[in-house]
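First comes the structure, then the notes that go with it.
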Amino acid sequence: MLFIQSWFEDMGVAERTAAYLAQGVMALAIALLSIIANYITKKVGLRVLAYYVNNNRYKWDNYMLDRKVFHKLSHIVPAIIIYASASLFPAYQTSIEKGVAIYLIVVALLVINAFLNAVNDIYVTFEISKARPIRGYLQVMKIFVFIVGGILLISNLIGQSPIILLSGIGALSAVIMLIFKDSILGLVAGVQLTSNDMVRVGDWIEMPKYGADGDVIDISLNTVKVRNFDMTITTIPTYALISDSFKNWRGMQTSGGRRIKRSVYLDMTSVAMCDSGTLERMRKIHYLQEYIDRKLEEIERYNEEHAVDRTSRVNGRALTNIGLFRAYVQHYLDHHPKIHRGMTCIVRQLQPEEHGLPLEIYAFTNDTAWGNYEAAQSDIFDHILAVASEFGLRVFQNPTGHDMRQMMKAVQEQEGELEPKPELGKGLG
């Protein structure tokens, strides 16, 4: 600085003016040096570092590079040069050092934020992340870091110790609790969800109160994102999963079986006892041969033991078409390749209703995928509905317009009021 000032004075410049010019030249030189140092750091240093990161066997440093942790860290280099040169400007040294300190705090906050994001990206690559997500905890750390950074920034600006500001936070605790209420509730809820293993990323949850029915795609401090099956996204407050009830289908997915619980409604007027001709016809059904022989032997033995008078079909025990149908459906499910063998599989009658007699199928498929489950369920009921008539049973259905027209047509034909329609093409030409 003195050399530059004396050089200007030798050229005939006034001493005061020479001092200002020397400071200007020095400031320009420092700025140019900072720009060159920043350029070398980014264009040379970062490229070398990126090459090393991309070509080593470790993967965690790739996430650090993707989150630009090293890029943000490179901004410290020109700040160090400026801070080290502050003593060359005694009149402005304090202001320069304070400005550089504020700049370094901001850079440090950006670096820590990027680093925590990279930590989350690295953690997500592990399988345990689905059961124990840490994004909520990282967000709490970010809040803490930014609060500390804000205190340090303010203390540098006003020239006071950070302890003085921290002592004033106690008076603002109520305000802080109000502002960060959701974050605090979310943190507590996140701890409970994680410790109790209530929900994971990838779980299928159902929460009608919030219109959520789909897969969990993200668990953060304040919200849980659910991708519904119509591809919409529902956002649920994290604490709502603790305060309200929801259904998690993970148990079904891990068990390997998905429940079928559906009824076929049979017309009760079609229920009847089986005569010998019906039994002979039913014996041709593969699943019923052994069952009919065993039941007939059991019924015959019972009737003989109790001296039942068989001149009336009402007396004693007898096989019915609905009983044979129920036995057939049970055997059909027992041999179906899509039914889980290790889980409950029953066919039962429910309370008769105005729509008929419900015959409920309660079983589990051995494939939990939605499409495969629906295909297996439809295949089973396609068959049941198609074979019901073979047992003399009618599936109940409310009368339709077609039924009414057929009834009216039959009545009119009986009364001779309906004239036959001429065949198409007759009378033409």
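For this structure, a couple of remarks:
- Region 218-240 - residue that is among the hydrophobic types (A, V, I, L, M, F, W, C) and within 22 Å of Val124 (Cα to Cα) and, of those, surrounded by the most Cβ atoms within 10 Å (Cβ to Cβ): Val224
- Looking across region 351-372, just one residue is open to solvent by less than 50 Å² (accessible area, probe 1.4 Å), of a type in the set (S, T, N, Q) and assigned to a loop (DSSP other than H, G, I, E, B), and that is Thr368.
- Scan of region 309-349 for residues that are exposed (fewer than 14 other Cβ atoms within 10 Å of the Cβ), at pLDDT below 90 and aliphatic (A, V, I, L, M), ordered by number: Val314
- Boolean, Ile36 is at pLDDT 65 or above, touching a Ser or Thr at 6+ places or on another chain (Cβ under 8 Å) and either open to solvent by 90 Å² or more (accessible area, probe 1.4 Å) or not small (Gly, Ala, Ser) (or both): no
- The set of residues from region 196-217 being out of contact with any Leu (no Cβ under 9 Å at 6 or more places or on another chain), under 17 Å from Pro133 (Cβ atoms) and open to solvent by less than 40 Å² (accessible area, probe 1.4 Å) comprises Asp203, Trp204, Val216.
- Residue within region 104-118 that is surrounded by 13 or more Cβ atoms within 10 Å (Cβ to Cβ), at pLDDT below 75 and not acidic (Asp, Glu) present: no
- When each of Gly251, Gly190, Gly256 is tested for being in contact (Cβ under 8 Å) with a residue 40 or more places away in the chain, over 30 Å from Ala388 (Cβ atoms) and loosely packed, with under 15 Cβ neighbours inside 10 Å, the lone residue that passes is Gly256.
- Residue match in region 320-336 (condition: more than 21 Å from Ile292 (Cα to Cα), in a loop (DSSP other than H, G, I, E, B), more than 30 Å from the chain's Cα centre (by Cα) and touching a residue at least 24 places away in the same chain (Cβ under 8 Å)): no
- Residues in region 376-398 that are polar (S, T, N, Q) and modelled with pLDDT of 90 or more were compared, and the one that is farthest from Thr365 (Cα to Cα) is Ser389.
- Top-ranked residue of region 278-297 - restricted to ones that are without any contact (Cβ under 8 Å) to a residue 24 or more places away in the chain and open to solvent by less than 100 Å² (accessible area, probe 1.4 Å), ranked as farthest from His336 (Cα to Cα): Leu296
- All of Ile176, Ile164 fail the test of being within 30 Å of Ser95 (Cα to Cα) and open to solvent by 50 Å² or more (accessible area, probe 1.4 Å), apart from Ile164.
The values are calculated or read from the model by the stated rules, or taken from the named source; none is laboratory data. Being a predicted model, the structure only gives us computed values, none of them experimental. Counting neighbours? That spans all protein chains shown, and the Cβs are built from the backbone with ideal geometry, glycine included. Note: accessible area is taken over every heavy atom of the protein model, side chains too, but ligands, DNA and RNA are not part of it. Shrake-Rupley method; radii C 1.70, N 1.55, O 1.52, S 1.80 Å.
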